[in-house]
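Enquirer: Before we start, here is the structure in question, set down as structure tokens.
Every number here is computed from the coordinates shown, using simple stated rules; none is lab data. Computed from a prediction, not measured in an experiment: that's the story for all the values here. Here the Cβ positions follow ideal geometry from the backbone for every residue, glycine too, while neighbour counts run over all protein chains shown.
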Amino acid sequence: MAEEDMFQIRRGVLRFHRPPDSGELLFLCWPVLAYRVTAPVLAVRHLNIIERVVLALCRAGVRRPEDIAEKIHQSAELCEHVLRQLREGGRVDRYGVPTALGRETLDTGRVGAEAELIVTHVLQDPLTGRLWPRAARDLVFQRVHGVRDGQAELRLDSAGSPRPITARIVGEGVDLVRPRPPGAQQVIDAVAAQRQAELARRAERFTDFRNGRSPAAHTAERDLQALATELTMPHETAVHRVLDTGRPMAEYLLVWLSEGDGQDGGPRVRDPFGLEPNSMLRRTLTEWIREDPGLADAVSGAADTASARVGAEYRAAGDAVRRAAESRLVQRLGGELRRRPEALTLLLGLEEAAARGGESGVESVAREAYRLHEHLFRRLVAEYPPPERPSWAAGARAASVPTVRSALATAAKALGLDRPRGSYLDGMNVGKALTEYPKQVRMHGRAIDVERAYVRDLLPYALIAAADPKSPHRRDHPLRELARDRPGVLADLEQLRELRNRGSHATRDATVEDDIDWCRRLALDAARLIVSMPPTPLERN
């Protein structure tokens with residue numbers, strides 16, 4: 001059987017989300033290969049309220065079960081049971097004193113994560129071979145009442161009465177070659193992307209922009225932050241296997257485009273799972289258009305219809321997106337963010353690029369995330385200057401390059417920073433400004449032009465200020481907090497720089513959505529540190 005003959009409407013078309021009841025929509029029947037898989041995921045458990053209160057009381061010095069019971073009006077037996085669990089989990093010692101793990105658990109709320117297997121379905125695009133960043137436990141079909149002239153006739157269960165529609169069948173006449181089955185990591189990434197998108201939707205749904213976050217929104221956001229670490233599992237983990245990846249089922253998925261609100265005023269591809277954004281679908285639509293002239297005509301017609309209403313509506317929508325993004329950022333980072341206008345501007349630029357998505361979008365996101373780290377390190381070096389005479393400066397003679405490199409490596413180690421081969425630490429230019437640091441400061445008042453310097457130039461001075469034995473800031477330097485939360489920051493910065501420059505390369509991969517999320521997490525970490533620092537005199541005005 002020819003590959004194009006595989007795709008026939010037998011049971012109907014897959015439908016996982018209800019389309020809008022109104023508006024001009026272009027409906028498509030999109031060919032997909034559905035695989036039934038058993039995939040590993042991590043289930044994150046948070047402290048329950050009793051565990052949190054008992055652990056907090058232990059940190060406050062109340063450690064006997066009967067004393068805890070009196071404080072929280074519970075039985076001593078229950079408190080003793082909770083203490084035993086915390087002790088067996090290594091979160092308090094034999095005397096009830098919280099351990100380092102216990103203090104970390106109390107700060108994050110996370111108890112741990114266990115692997116579990118779930119049965120689900122992943123969808124593969126037959127033209128590009130990409131997996132959708134989505135997964136579905138069950139395949140839900142919408143009945144088709146007839147097929148004629150490349151169109152499927154359906155009736156949607158809209159509010160009020162059934163809504164008859166026609167959906168263009170994508171790929172009719174296209175010569176397809178069956179793609180390779182997805183690998184284990186691709187399946188895990190697709191399942192993880194679905195779970196992350198669902199939690200993001202929960203956080204947005206429970207957020208009231210007028211009255212602040214509800215408790216449900218706080219819980220959803222906390223779960224989402226926990227997933228940031230659970231979604232990428234170590235390659236050597238035994239549960240990294242995916243089972244039952246058998247022959248796929250050739251089906252059609254109901255997809256719709258809304259007119260006039262996409263890029264360049266063209267139709268916007270909506271996520272058929274109802275979990276926006278889904279930039280993978282826009283990229284895939286572009287590739288299908290090259291192969292399917294009928295699809296190209298249909299999309300072009302929708303774009304022509306929408307072009308008359310682009311102008312003011314598009315600008316208003318952009319302003320609304322920006323306002324909503326600012327509200328979300330302020331809710332996550334606090335009102336102090338508005339007193340850091342440069343950091344806020346960079347974050348908004350990142351969010352706008354993320355909303356655009358696609359391969360060019362990820363490069364813009366990486367660029368904004370990298371610029372945010374540049375802003376952070378400029379602030380660090382300007383506000384926490386190194387000592388006038390670092391530990392390696394002896395007498396009037398200049399220090400040797402190996403001496404300075406050794407001091408920087410020692411400082412990075414003291415901060416707990418991972419040092420991968422080829423990192424920023426290895427590539428730093430140790431010139432006269434560092435080897436003759438005291439002399440340069442004495443002659444010019446500074447050794448580096450902070451406002452024009454880049455991360456690679458600024459990093460040595462931040463390391464000196466944060467960890468050199470003679471630095472007055474070594475105990476309270478903000479870089480210590482960043483190193484504690486992200487010991488791999490040196491490798492992160494190198495990867496971020498490479499991702500920012502990826503547009504100059506000819507090859508692409510299928511990790512755009514993951515790249516955007518990763519850049520966003522790094523940017524939020526940097527912004528969180530900037531917000532925690534005292535505002536500059538200019539920011540206070």
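Enquirer: Give the long-range amide H neighbours of Lys470: residues separated by 5 or more places, or on another chain, with amide H under 5 Å away, using H modelled in the peptide plane at 1.01 Å from N.
Expert: Counting only residues 5 or more places away or on other chains, the set is Ser391.
Enquirer: Let me ask something additional. For the peptides 282-290, 490-498, 334-342, what is the packing order when you average, over each peptide's residues, the other Cβ atoms within 10 Å and list the highest mean first? Walk me through the numbers on the way to the answer.
Expert: On the way: 282-290: 16.8, 490-498: 19.0, 334-342: 15.1.
Order by mean packing, descending: 490-498, 282-290, 334-342.
Enquirer: Can you list residues from other chains, or at least 5 along the same chain, whose modelled amide H is less than 5 Å from the amide H of Asp93?
Expert: Result for Asp93 returns Thr99.
Enquirer: If you plug each phi of segment 118-134 into the Karplus form 6.51 cos²θ - 1.76 cosθ + 1.60 with θ = phi - 60°, what whole-Hz ³J(HN,Hα) values come out, in order, with x for Gly and Pro?
Expert: Karplus values, whole Hz, x for Gly and Pro: 10, 9, 8, 10, 10, 10, 10, 7, x, 7, 9, x, 6, 8, 5, x, 8.
Enquirer: Determine, from the Cβ-Cβ distance of Arg178 and Arg18 and an R0 of 41 Å, the FRET efficiency 1/(1 + (r/R0)^6), rounded to the nearest 0.05. Please list the in-between numbers first.
Expert: Working: r = 32 Å, r/R0 = 0.77.
That gives a FRET efficiency of 0.85.
Enquirer: I need the peptides 79-85, 272-278 ranked by packing, meaning the mean over residues of other C-beta atoms within 10 angstrom, with the highest value on top. Present the calculation step by step, with values, prior to reporting the outcome.
Expert: On the way: 79-85: 17.3, 272-278: 18.9.
Those peptides, ordered most packed to least, come out 272-278, 79-85.
Enquirer: In addition: Give, in nm to one decimal, the length gained when the segment between Thr128 and Glu88 is fully stretched (0.36 nm per residue of separation minus the Cα-Cα distance). Provide the component values of the computation, followed by the final result.
Expert: Working: separation 40, 0.36 × 40 = 14.40 nm, distance 5.01 nm.
Separation in residues times 0.36 nm, less the Cα-Cα distance, equals 9.4 nm.
Enquirer: Right, another one. Along segment 71-76, what does the Karplus equation 6.51 cos²θ - 1.76 cosθ + 1.60 (θ = phi - 60°) give for ³J(HN,Hα), rounded to whole Hz, x for Gly and Pro?
Expert: 3J(HN,Hα) across segment 71-76, in whole Hz: 5, 9, 6, 10, 6, 5.
Enquirer: Related question: In whole Hz and in residue order, list the ³J(HN,Hα) couplings for segment 466-473 that follow from phi through the Karplus curve 6.51 cos²θ - 1.76 cosθ + 1.60, θ = phi - 60°; x for Gly and Pro.
Expert: Values per residue, Gly and Pro as x: 7, 9, 5, x, 9, 7, x, 9 Hz.
Enquirer: Which lysines does Lys432 reach when only Cα atoms under 25 Å apart count, and residues fewer than 8 places away in its own chain are ignored?
Expert: Straight-line reach from Lys432, under 25 Å: Lys413, Lys470.
Enquirer: Now for a separate question. Please list the non-local residues whose amide H lies under 5 Å from the amide H of Leu253, H modeled 1.01 Å from N, same-chain partners needing a gap of 5 or more.
Expert: Leu14, Trp30, Val32
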